[in-house]
Amino acid sequence: MKKKLIIILAVVAALATLSVGVAAGTSRYSSSGGIDYEVSVTNLMPGQILSPIVVATHTKDNAPLFSLGQPSSAELAAMAEDADTSGLMALWSDNDEVNDLQVLTLDDGPIPPGQTAMGVVNVDGEATRLSLASMLVSTNDGFISLNGMSLVGVVDRSVRVPVYDSGSEANSENCDFIPGPPCGNHLHDDSGAEGFVHIHSGVHGGGGLTPSLHDWHNPAALITIKRKF
């Protein structure tokens, strides 16, 4: 058991380098303006690690992270395939529709099974929507998300979310294309990709992943939003 714990901790430490472009949270308003919300994300999966979570508050006019049945944006695909948040951070940081932008981590790294990452975001003016995204690092292109949830009237709310598939990389489960354990590789292969965002069908084996270790049953994460008074 002790050896297993040491291995898990070593993997988590190594995965801290997965999220490219992670930066300190930024807000267009001072903390004295608007309303602050505490956002916590708990990983409910026993065999998947979540990458650092990009979180933004924005107006209803901000483009959605994705639309089910439609192709993924390049920025979301990079996050879903390789935990690369740099595109989403750039897209949201230079956007007048975005009020607050944060990255939630656990000890400056990813979120292991059963653990929770927490942060505070600000809502002000018309920026009353909340979006977030995080990769399941032991998949080809699986991710969790909130996609423009309204915070109007929210005091204390919990939401359980499924795993989505960005449709930008085939679910080959080939270790050459999976950044998380047991693989640790960053190659990309869009041949055979579904081409649209959909609910992920899980881990089936036949590649470098083992269903008994890496599969999950939805919901995959618990997201709690609490207004701070």
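General remarks:
- Accessible area of residue 42 (1.4 Å probe, protein heavy atoms only, ligands and nucleic acids ignored): about 30 Å².
- Positive end of the dipole of the chain (Cβ unit charges, origin at the Cα centre): among 143, 202, 33, the Cα lying farthest that way belongs to 33.
- Over region 73-196, equivalent-ellipsoid semi-axes from the Cα gyration tensor in Å: 28, 16, 13
- Candidates 108, 82, 165: whichever shows maximal mean-square fluctuation once the chain is modelled as a Gaussian network with Cα springs under 10 Å: 108
- Highest-fluctuation residue, 68, 146, 44 considered, GNM on the chain with Cα pairs under 10 Å: 68
- Largest accessible area first, the listed residues 227, 160 line up as 160, 227 when surface is computed with a 1.4 Å probe on the assembled protein chains.
- Unit charges at the beta carbon, dipole of region 85-229: most positive-side option, 222, 183, 89: 222
- Where only DSSP H runs of four or more residues are counted, the chain gives -4500 deg cm²/dmol as its mean residue ellipticity at 222 nm, each run worth -39500 (n - 2.57).
- Taking all protein chains as they are arranged and a probe of 1.4 Å, the heavy atoms of residue 228 leave approximately 100 Å² accessible to solvent.
- Radius 12 Å from Cβ of residue 194, net charge of other residues (Lys, Arg +1; Asp, Glu -1): -4
- Over the chain: Rg over Rh, Cα atoms, Kirkwood Rh: 0.96
- Rounded percent of accessible protein surface that carbon and sulfur make up, the chain, 1.4 Å probe: 54
- About the Cα centre, charge dipole magnitude for region 95-229 (Lys/Arg +1, Asp/Glu -1 at Cβ), debye: 720
- A Gaussian network model of the chain, with springs between Cα atoms under 10 Å, assigns the largest mean-square fluctuation among 130, 76, 91 to 91.
The values are calculated or read from the model by the stated rules, or taken from the named source; none is laboratory data. The model shown is predicted, which means the values in this text are computed figures rather than measured ones. Heads up, the Cβs are rebuilt from the backbone with ideal geometry, glycines too, and the neighbour counts pull from every protein chain shown. The area values use the complete protein model at the heavy-atom level, side chains included, leaving out ligands, DNA and RNA. Shrake-Rupley method; radii C 1.70, N 1.55, O 1.52, S 1.80 Å.
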